[in-house]
1. If I filter segment 36-47 down to residues being open to solvent by 30 Å² or more (accessible area, probe 1.4 Å), closer than 21 Å to Val183 by Cα and in a loop (DSSP other than H, G, I, E, B), which single residue comes out as modelled with the highest pLDDT?
2. Determine whether segment 194-207 contains at least one residue that is of a type outside the set (A, V, I, L, M) and at pLDDT below 95.
3. Does Ser208 count as of a type outside the set (Asp, Glu), without any contact (Cβ under 8 Å) to a residue 60 or more places away in the chain and over 25 Å from Arg57 (Cα atoms)?
4. Looking for something among the small types (Gly, Ala, Ser) and closer than 19 Å to Thr3 by Cα - is there at least one such residue anywhere in segment 103-120?
5. Restricting attention to segment 56-89, which residues are open to solvent by less than 10 Å² (accessible area, probe 1.4 Å) and hydrophobic (A, V, I, L, M, F, W, C)?
6. For segment 9-35, what are the residues that are surrounded by fewer than 14 Cβ atoms within 10 Å (Cβ to Cβ) and of a type in the set (D, E, K, R)?
7. Those residues that are outside any strand (DSSP E or B), open to solvent by less than 80 Å² (accessible area, probe 1.4 Å) and closer than 12 Å to Ser88 by Cα, I need them from segment 99-117; list them, please.
8. Condition test on Ala162, is it touching a residue at least 24 places away in the same chain (Cβ under 8 Å), among the hydrophobic types (A, V, I, L, M, F, W, C) and in contact with a helix residue (DSSP H, G or I) (Cβ under 6 Å, 6 or more places away or on another chain)?
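The values are calculated or read from the model by the stated rules, or taken from the named source; none is laboratory data. This is a predicted model, so every value here is computed, not measured. Here Cβ is always computed from backbone atoms with ideal geometry, including for glycine, and neighbour counts include all displayed protein chains. Heads up: the accessible areas ignore ligands, DNA and RNA and are worked out on the full protein's heavy atoms, side chains in. Shrake-Rupley method; radii C 1.70, N 1.55, O 1.52, S 1.80 Å.
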Amino acid sequence: MRTRVKICGICHIEDAQAAIAAGADALGWVFYPPSKRAVSLEQAAAMTVLLPPFVERVGLFVDDERQRVEQIIQRVSLSLLQFHGDESPEYCESFSLPYIKAIRMRPGINLAAEAQRYQSARALLVDTYQPGVPGGTGQVFDWQSLPAQFSKPLILAGGLTASNVAQAITQVRPYAVDVSGGVEAQPGQKDASLISAFMQEVGRGDAS
């Protein structure tokens, strides 16, 4: 099976176009104001309306107010929600779009229990745990902590770059990989050559 790819932290339409041209399956917009990659409702709406079909448009939220999430759903052409905080299953299920739930791989986390808890999630995204940081750490966690068999599609995030994504795919065999800082020239500014190199290494990982 081909590993899907999400390029997250899109801040400019040129970066979205470069990711699509390289073969990305999904793009992500961060609606978490403290993030260096945060975008406004207006910025995201202007970008998503220009995208071609068959590209997943993901909105990332962290413990946000329900009213704000609803407002963004109404104004931005999203197709999937990604929750990166301590949102309850009931909260995640309460919106009109499907969702994925991020799980930070802190010591002692029971991934099977989280999958059972978030049964309605389309997938679980596993990311590096760093206290006080909901994501985007740029750090790799121990992939050996992941189960060989899992009940839900698994999206692997956390410190992925062109130099390690093929190894990650070979070892973990995730449904998808999620990258942001690993394809950037600087925070919020993607690099087309790094995106292309990342996609090539994803293909190499699949071929292995």
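1. Arg37
2. no
3. Answer is yes for this residue.
4. Looking for residues that are among the small types (Gly, Ala, Ser) and closer than 19 Å to Thr3 by Cα, one finds none in segment 103-120, hence no.
5. The answer is Val58, Phe61, Val69, Ile72, Val76, Leu81, Phe83.
6. Glu14 - this is the single residue of segment 9-35 that is surrounded by fewer than 14 Cβ atoms within 10 Å (Cβ to Cβ) and of a type in the set (D, E, K, R).
7. Residue satisfying the conditions is Glu114 alone.
8. yes
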